[in-house]
Each structure stands twice: as C-alpha cells, then as structure tokens.
Amino acid sequence: MATFTAQIVFTGICGIVPKKNYPAPPEAFCVVLPNAWKPEPDLSGMKTSKVDQVSRLRRHSPFVYFATQPRDILVNNRQDLEGLWFLQGHRLLINPRFEGDPILPIWDGIGGLASFDDIATPGFQPQLSVKNAVNTPNISTVAAQVVLHHGKLSSLPLNPVWVFESFLRRSVDPPVTKRLNFQVTVTLENLTSLEIVQTDFTGTPTGKSFTFSKGPAFVTVANLCDENPLQWGKKPAPESMPDDDDFRWHYEIVDSPPDLAAALDVFRCPIPRLTRSLTGGNGLNCLPLRFSEVNFSF
C-alpha cells in the first residue's frame with residue numbers, strides 16, 4: 001500500500017504541554033489554545049488582562065484548516081483548501097494509521113520556543129502551571145485542545161532575536177535573549193490514513209471529522225489576530241511588526257492568576273520584545289509557548 005507523509009503546523013497563541021511521564025520521554029502532547037475570542041462589553045475587540053488588570057489583549061480567532069499543498073498560511077489561493085473549522089470549546093484528536101510501527105512523539109528536534117524559564121527566575125513560585133487548562137478546561141478561558149500521541153515535533157530557529165522583560169526575575173538576573181519561532185510542526189511519516197476528529201471537552205464527538213487517505217496532507221491549527229486571521233492578501237511589511245503584546249494571552253490560562261498578579265506587583269505581564277526591527281516571521285508575531293509537564297489521560 002502506498003504511504004504518505006503529513007505535516008501538522010501549530011501557529012499563533014498556543015501552549016505546547018508535554019504529558020508528564022518521568023523518567024521516560026513524554027508519551028503525548030496537549031496543545032492548548034487560549035480563548036482569545038470574546039471581547040469586552042464595549043465591543044472594542046480588546047480584553048483587559050485578568051492577571052495584571054491593565055494590559056489590553058487583542059482578539060484572536062482559533063481555527064484549523066486542511067489543505068493539499070504546503071503553505072505558511074492561506075494567502076489568496078484557496079484552490080487546495082479542503083476544509084476549515086473555527087474552534088470554540090473543541091478538542092481535536094489526531095488519529096494516524098501507519099504502515100509498520102507507530103511513531104511515538106519525538107521532542108528532540110524542537111527549538112525556538114519560549115518557556116517559563118525565559119520569563120522567571122528558576123524556582124520562582126507560582127509556577128506557570130496550566131493543569132486546569134489541560135484536565136478541566138473551561139470554554140471561557142480555553143478555546144481548543146489538540147491531542148498528539150505520535151509524530152516528530154520540530155521548529156526551525158529564526159533570525160530575529162527577542163528579549164524577555166525581566167519583571168519576574170531577580171534584579172541581578174540579566175534579561176533572557178532568544179531566537180524564537182512562530183510555529184511548531186509535527187511530521188507523521190509512513191501513513192496509510194490520517195483522521196482528525198472533533199469532540200467537545202468531555203470527549204463527546206461533535207459529528208465533525210476529516211480524513212486524508214493519501215498525500216500530500218497539511219493541517220494547520222492557528223490562533224491568530226482577528227483583524228485578518230486567515231492572512232488573506234498581502235503580508236505586513238517587516239518594519240511594521242511590533243513587539244509581541246499578544247504573548248500576554250498565555251497568562252490568561254495559568255492555574256492561579258491572582259498569585260501571578262501578586263508577584264508582578266505594579267508591573268505588567270512580561271512579553272518578548274524584538275531587539276532589532278525585524279519581523280517575527282511570515283508577518284506574524286503571535287508566539288507559541290512551551291509549558292511545564294502535566295499529567296492527563298485522554
């Protein structure tokens with residue numbers, strides 16, 4: 001039987017959460033998309049951070065699309081778009097069928113992701129835990145989850161250098177500088193089929209599913225700024241890219257926002273800022289974050 005390769009890309013405001021499985025490597029990953037859709041009552045399209053009570057958070061659209069040609073994002077040509085789902089209170093289950101042995105998750109090749117250690121001094125309490133967002137998600141804070149039990153995760157480093165504000169680090173600690181990527185790719189090889197099933201957060205199927213029975217197969221899960229989430233038309237010029245204010249959406253799903261707010265005192269939630277006038281890649285500056293490990297059973 002002919003086999004094919006599939007790529008699943010995650011981009012925008014999303015958290016990669018490995019399943020806690022020490023001392024063995026993670027046996028699964030849960031990708032959490034914060035619910036950045038609901039605006040304030042004034043319909044401004046912005047929300048005030050519940051953590052620092054000051055920052056204004058731009059509305060984002062969470063969605064998944066299926067295509068038969070590779071692309072950074074949709075951009076104009078729709079001919080190879082096979083399906084598009086907007087996500088609100090949904091879990092996506094990735095069900096690959098392999099010829100031969102399944103490929104368990106491989107994390108080794110990934111790089112260019114922000115982590116909590118970039119933001120706070122190691123050992124800082126409260127930790128940036130998202131156990132509740134994984135195990136007991138509430139649609140008011142979590143738009144979607146994606147569960148991965150197979151595939152190789154990778155992320156190529158980009159040229160732009162970002163520096164993290166040091167509000168949660170000891171005063172003697174220098175700010176962390178790092179090259180960050182705007183997307184994570186999961187590659188699945190030797191496939192005979194790939195099925196994506198949509199359920200609600202209880203695991204009850206919604207009736208939506210999509211199956212690739214041959215290649216090429218490309219899936220993109222995104223949580224991007226609502227002004228133009230599908231990126232139709234021209235990309236913004238590199239010099240127009242701002243610092244990643246949208247990074248603050250990650251703090252909205254931590255287990256204990258009041259504790260984090262107390263640690264910040266009078267400061268706003270820290271964000272990565274560009275050290276020079278360059279784009280974050282592909283006209284996007286909504287950066288993913290790697291969270292700490294969480295136990296989960298789905």
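The values are calculated or read from the model by the stated rules, or taken from the named source; none is laboratory data. Predicted model, so just to flag it, every value in this text is computed and none were measured. Note that we place each Cβ from the backbone using ideal geometry, even for glycine, and neighbour counts take in every protein chain shown.
Scanning the range 169-186 for residues that are surrounded by 13 or more Cβ atoms within 10 Å (Cβ to Cβ) and either over 17 Å from Leu113 (Cα atoms) or without any contact (Cβ under 8 Å) to a residue 12 or more places away in the chain (or both) yields one hit, Arg169. Within the range 218-260, the set of residues being part of a helix (DSSP H, G or I) and at pLDDT below 65 comprises Pro238, Glu239, Ser240.
On the stretch given as the range 152-211, residues that are touching an Asp or Glu at 6+ places or on another chain (Cβ under 9 Å), hydrophobic (A, V, I, L, M, F, W, C) and closer than 30 Å to Phe98 by Cβ total 3. Given the conditions (1) at pLDDT below 90; (2) closer than 30 Å to Ala2 by Cβ; (3) assigned to a strand (DSSP E or B), which single one is not true for Gly215? The single condition Gly215 does not satisfy is (3).
Considering the range 147-167, and only residues there that are hydroxyl-bearing (Ser, Thr, Tyr) and touching a strand residue (DSSP E or B) at 6+ places or on another chain (Cβ under 8 Å), the residue that is modelled with the highest pLDDT turns out to be Ser154. With a requirement of 1 or more residues that are under 18 Å from the mean Cα position of the chain (by Cα), over 15 Å from Ile13 (Cβ atoms) and at pLDDT 85 or above, the strands (runs of 3 or more DSSP E) lying completely within the range 40-87 that satisfy it span 60-67, 81-86.
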